[in-house]
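Below you'll find the structure, written out as structure tokens, and then a few comments.
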Amino acid sequence: MANSVAINHRKVAVIGCGFVGSSSAFALMQSGLFSEIALVDVDHDKAEGEALDISHGVPFVGQVKVYAADYDDIMDSAIIVVTAGAAQKPGETRLDLVNKNVGIFKSIIPEISKRDYKGILLIVSNPVDVLTLAALKLSGLPENRVIGSGTVLDTARLKTELGDHLSVDGRSVHTFIVGEHGDSEIVAWSSANVSGVPLNDFCEMRGHFKHQESMERIAENVKNSAYEIIEKKHATYYGIAMSVVRICRAILMNEKSVLPVSSIMHGDYGIDGIALSMPAIVGEDGVETHVPIVLSDEEQSKLKESADALKKVAQEAGLL
């Protein structure tokens, strides 16, 4: 095993320069969080091309060095963002991707672990929950330092939908999507509120009384939004790129923000040994602890089903 390298807290690396990776690098360049952004891709020319293109935007935002790199160059990164993987095709579920992408991870993650990496791995490739587990198993890194982007984007979509529904700033809506980032995701309606006011009370204040109907419609819109985008333009990348920036900011600034990232569960809600999204405190050491939110019996039961579905896929992929 190589000697570990001291971490440079102003440096981030992105592995995989497809739509998601390059959009994430572009968003990170604009964020001002980092002074160095290193891009790694199996096609080095692709990484060089993206780095050149993105770096031409640097004069408009300040100083940041964007360049193509290899694994030796990125071991001092505070965060390594992994977006590499086969893309989700129209009609394909996120879970269909699993075997292809576990195979790709078997070529990437050992390159990081054998160099004794000391920073944080942020997994973005889909299906993100299963691949977070794969990255943890393949890397041997401590659990707190392997994080999946989880349902951070789904939760943002939900807040936007609810904000539109109620004609209120989505940032004032406090709610989470939990479970799988995918078809079995659950809206934690029981704990949803708008600035401390229970959701149904706020809905009635705004003249909305068909709660069940609205909840079902909004949950479906959020769940299907990625499929709708993929159908129309074959990929989703801007929203997830902004989610990557959000998570990186929480880590880099040690915000201790509560974000629904994907990490390993240890018995909460009867779920153990699988990664899925639950609200967690995220700071400079990665995931500090899960935050126990209120879930109804039905929501807990659906969460358990979501975990079981992920566990089955993980077993089929030889991860459990």
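The values are calculated or read from the model by the stated rules, or taken from the named source; none is laboratory data. Computed from a predicted structure; not experimentally measured. Note that we place each Cβ from the backbone using ideal geometry, even for glycine, and neighbour counts take in every protein chain shown.
How many residues does the stretch 207-222 hold that are outside any helix (DSSP H, G or I) and either at pLDDT 95 or above or exposed (fewer than 13 other Cβ atoms within 10 Å of the Cβ) (or both)?
In the first step, residues of the stretch 207-222 are kept if they are outside any helix (DSSP H, G or I); the result is 207-210.
Subset that is either at pLDDT 95 or above or exposed (fewer than 13 other Cβ atoms within 10 Å of the Cβ) (or both): 207, 209-210.
Adding up the residues that qualify gives 3.
Can you give me the number of residues within the stretch 223-252 that are of a type in the set (Ser, Thr, Tyr), surrounded by fewer than 19 Cβ atoms within 10 Å (Cβ to Cβ) and out of contact with any Asp or Glu (no Cβ under 9 Å at 6 or more places or on another chain)? Break it down stepwise before answering.
First, pick out the residues of the stretch 223-252 that are of a type in the set (Ser, Thr, Tyr): 225, 227, 236-238, 243.
Of the ones still in play, those that are also surrounded by fewer than 19 Cβ atoms within 10 Å (Cβ to Cβ) are 225, 227, 238.
Right, trim to out of contact with any Asp or Glu (no Cβ under 9 Å at 6 or more places or on another chain) and you get 227, 238.
Counting residues in the stretch 223-252 that are of a type in the set (Ser, Thr, Tyr), surrounded by fewer than 19 Cβ atoms within 10 Å (Cβ to Cβ) and out of contact with any Asp or Glu (no Cβ under 9 Å at 6 or more places or on another chain) gives 2.
Output the residues belonging to the stretch 114-152 that are assigned to a loop (DSSP other than H, G, I, E, B) and either closer than 19 Å to Asp272 by Cβ or of a type outside the set (S, T, N, Q) (or both). Show your work before the answer.
Here is the first cut: in the stretch 114-152, the residues assigned to a loop (DSSP other than H, G, I, E, B) are 114-119, 124-127, 140-142, 149-151.
Residues satisfying the conditions are Lys114, Arg115, Asp116, Tyr117, Lys118, Gly119, Val124, Pro127, Gly140, Leu141, Pro142, Gly150.
Answer with yes or no whether Asp272 is loosely packed, with under 15 Cβ neighbours inside 10 Å, under 23 Å from Val313 (Cα atoms) and in contact with a Pro (Cβ under 8 Å, 6 or more places away or on another chain).
Details: loosely packed, with under 15 Cβ neighbours inside 10 Å: yes; under 23 Å from Val313 (Cα atoms): yes; in contact with a Pro (Cβ under 8 Å, 6 or more places away or on another chain): no.
Answer is no for this residue.
Does the stretch 183-191 contain any residue that is surrounded by 17 or more Cβ atoms within 10 Å (Cβ to Cβ), more than 17 Å from the chain's Cα centre (by Cα) and part of a loop (DSSP other than H, G, I, E, B)?
Checked the stretch 183-191: at least one residue is surrounded by 17 or more Cβ atoms within 10 Å (Cβ to Cβ), more than 17 Å from the chain's Cα centre (by Cα) and part of a loop (DSSP other than H, G, I, E, B).
Given (1) on the phi < 0 side of the Ramachandran plot; (2) touching a residue at least 40 places away in the same chain (Cβ under 8 Å), identify the lone condition not met by Gly286.
In the conditions (1) on the phi < 0 side of the Ramachandran plot; (2) touching a residue at least 40 places away in the same chain (Cβ under 8 Å), Gly286 misses (1) alone.
Check Pro142 against each of (1) in the same structural domain as Leu259 (by TED's automatic domain parsing); (2) over 17 Å from the mean Cα position of the chain (by Cα); (3) modelled with pLDDT of 95 or more and name the one condition it does not meet.
(1)
Quick test of your reading of the structure: Glu111 fulfils all but one of (1) in a helix (DSSP H, G or I); (2) within 13 Å of the chain's Cα centre (by Cα). Name the failing condition by number.
Result: Glu111 fails condition (2) only.
Looking only at the stretch 112-162, how many residues end up being among the basic types (Lys, Arg), farther than 19 Å from Leu319 by Cα and touching a strand residue (DSSP E or B) at 6+ places or on another chain (Cβ under 9 Å)? Give the derivation first.
Initially, the stretch 112-162 is screened for residues among the basic types (Lys, Arg), giving 114-115, 118, 137, 145, 157, 159.
Right, trim to farther than 19 Å from Leu319 by Cα and you get 114-115, 118, 157, 159.
From what's left, touching a strand residue (DSSP E or B) at 6+ places or on another chain (Cβ under 9 Å): 157, 159.
Adding up the residues that qualify gives 2.
On the given criteria, is Lys159 among the charged types (D, E, K, R) and crowded, with 20+ Cβ neighbours inside 10 Å? Please lay out each step first, then the result.
On the way: among the charged types (D, E, K, R): yes; crowded, with 20+ Cβ neighbours inside 10 Å: yes.
Answer is yes for this residue.
Exactly one of these conditions fails for Ser301: (1) hydroxyl-bearing (Ser, Thr, Tyr); (2) farther than 24 Å from Arg171 by Cβ; (3) crowded, with 19+ Cβ neighbours inside 10 Å. Give me its number.
So Ser301 meets the others, but not (3).
For residues in the stretch 1-59 being of a type in the set (Gly, Ala, Ser), at negative phi and part of a loop (DSSP other than H, G, I, E, B), which is farthest from the chain's Cα centre (by Cα)? Can you show your working first?
Here is the first cut: in the stretch 1-59, the residues of a type in the set (Gly, Ala, Ser) are 2, 4, 6, 13, 16, 18, 21-25, 27, 31-32, 35, 38, 47, 49, 51, 55, 57.
Next cut, at negative phi only: 2, 4, 6, 13, 18, 21-25, 27, 31, 35, 38, 47, 49, 51, 55, 57.
Filter once more, so that each one left must be part of a loop (DSSP other than H, G, I, E, B): 2, 4, 6, 18, 35, 57.
On the way: Ala2: 29, Ser4: 26, Ala6: 26, Gly18: 16, Ser35: 22, Gly57: 25 Å.
Here the answer is Ala2.
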